[in-house]
Amino acid sequence: MALTVGTGPFGQHPGGSFSREMPSYKGLIYFEDSPRRIRAIFVGESVVDSRHAKLLHEHGHLPIYYFPEDEVRTDLLEPTDHHTTCPWKGEASYWSVRVGDRVAENAVWGYPDPIEGAPPLAGYRAFYWNSMDEWLEEDEPAIVHARDPYHRVDVLDSSRHVKVSLNGEPLAESERTRVIFETGLPPRWYFRPEDVRSELLVESDQQTGCAYKGFASYWSVRAGGELEEDLVWTYREPRPGAERIKDRLAFFNERVDIELDGELQERPQTQWSPRAKAHA
């Protein structure tokens, strides 16, 4: 997640309010330096090795790294005829990456002549994250997408009485959960497995990735005679900083009824789901 998506202040469903009426966030862009060394690996070659990357934050989108051309292996890039147009940045040109017999088609783009009012994008190139085999921040693996420096993930113990129900049927209940407060997302309550009604869970093949927490595995839930797909998840090998939720189970607040200390919580507006490649 990021400040520009979800319930972030400049996202689609801001979770708060400003002191004055704000103009439309559509087209809002913030372009800033990143202090991190970023590398992208493709077929064993460092296509990018950058110490002067930029981060582009745009309303409705996750942040994207832009790299100076002199920190990109342009000898591995091949120009293509593909072009796209952004009303806020201009016309983008594309390149494929070729290393040996492998080609990542149209994996790289740039704005050689950005429109007036756009960030100073000329001379920078960006990559589709999944087109590369591996990304590194400094010497640590980076997954899913560029991480937002303004993003927080706080894991806290809670003794609040948390009850989860679906179609009137209780699914989980505990006074010993751990809760994640994460930028742009509603609080996520993580239960010990013994506090969840495991007989209602149906194992799923679904998996999603979070740049901050790792890769999640899922269960569906059969309750009230209906099957709610991919409703529950766990992180079996969480990333550093999220270790305290290892093997605990959480539910999508958007799709279940959650009571905190007897008070029914309003379901969040954001409709995140694994099918939408959500960050759980």
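The values are calculated or read from the model by the stated rules, or taken from the named source; none is laboratory data. The model shown is predicted, which means the values in this text are computed figures rather than measured ones. Using ideal geometry, Cβ is built from the backbone for each residue, glycine included, and neighbour counts are taken over all protein chains shown. Note: areas computed on protein heavy atoms with side chains; ligands, DNA, RNA excluded. Shrake-Rupley method; radii C 1.70, N 1.55, O 1.52, S 1.80 Å.
Could you please find all residues in the range 183-216 being over 18 Å from VAL256 (Cβ atoms) and part of a strand (DSSP E or B)? Spell out how you get there, then give the answer.
Initially, the range 183-216 is screened for residues over 18 Å from VAL256 (Cβ atoms), giving 183-184, 194, 203, 205, 207, 209-215.
Residues satisfying the conditions are GLU203, ASP205, GLN207, GLY209, CYS210, GLY214, PHE215.
Sort out for me the strands (runs of 3 or more DSSP E) sitting completely within the range 12-53 that have 1 or more residues that are open to solvent by less than 70 Å² (accessible area, probe 1.4 Å) and closer than 16 Å to ASP70 by Cβ.
Correct list: 38-42, 45-50.
Out of PRO119, PRO87, PRO63, PRO112, I need the residue that is open to solvent by 20 Å² or more (accessible area, probe 1.4 Å) and either in contact (Cβ under 8 Å) with a residue 24 or more places away in the chain or within 27 Å of GLY209 (Cα to Cα) (or both). Which one?
Values: PRO119 fails: open to solvent by 20 Å² or more (accessible area, probe 1.4 Å); PRO63 fails: open to solvent by 20 Å² or more (accessible area, probe 1.4 Å); PRO112 fails: either in contact (Cβ under 8 Å) with a residue 24 or more places away in the chain or within 27 Å of GLY209 (Cα to Cα) (or both).
Matching residue, one of PRO119, PRO87, PRO63, PRO112: PRO87.
Test HIS57 against the criterion of being within 22 Å of the chain's Cα centre (by Cα) and either without any contact (Cβ under 8 Å) to a residue 40 or more places away in the chain or not in a loop (DSSP other than H, G, I, E, B) (or both), and give yes or no.
In short, yes.
If only one of ALA92, ALA104, ALA126 is surrounded by 15 or more Cβ atoms within 10 Å (Cβ to Cβ), free of Cβ contacts under 8 Å to residues at least 60 places away in the same chain and in a strand (DSSP E or B), which one is it?
Sole residue among the options that is surrounded by 15 or more Cβ atoms within 10 Å (Cβ to Cβ), free of Cβ contacts under 8 Å to residues at least 60 places away in the same chain and in a strand (DSSP E or B): ALA92.
Select from the range 221-238 the residues that are part of a strand (DSSP E or B) and of a type in the set (D, E, K, R) and list them in ascending order.
The answer is ARG222, GLU226, GLU228, GLU229, ASP230.
Of everything in the range 147-168, what is among the polar types (S, T, N, Q), in a strand (DSSP E or B) and either touching a residue at least 60 places away in the same chain (Cβ under 8 Å) or loosely packed, with under 14 Cβ neighbours inside 10 Å (or both)? Give them in sequence order.
SER165
Kindly establish whether GLN265 is at pLDDT 95 or above, among the polar types (S, T, N, Q) and either surrounded by 21 or more Cβ atoms within 10 Å (Cβ to Cβ) or closer than 20 Å to THR7 by Cβ (or both).
Values: at pLDDT 95 or above: yes; among the polar types (S, T, N, Q): yes; either surrounded by 21 or more Cβ atoms within 10 Å (Cβ to Cβ) or closer than 20 Å to THR7 by Cβ (or both): yes.
The answer is yes for GLN265.
Filter the range 60-85 down to the residues that are assigned to a strand (DSSP E or B) and among the acidic types (Asp, Glu), then identify the one that is nearest to TYR111 (Cα to Cα). Let's see the steps before the verdict.
First, pick out the residues of the range 60-85 that are assigned to a strand (DSSP E or B): 64-68, 72, 77-85.
Add one more test, that the residue is among the acidic types (Asp, Glu), and what stays is 78, 81.
Values: GLU78: 16, ASP81: 14 Å.
Among those that are assigned to a strand (DSSP E or B) and among the acidic types (Asp, Glu), it is ASP81.
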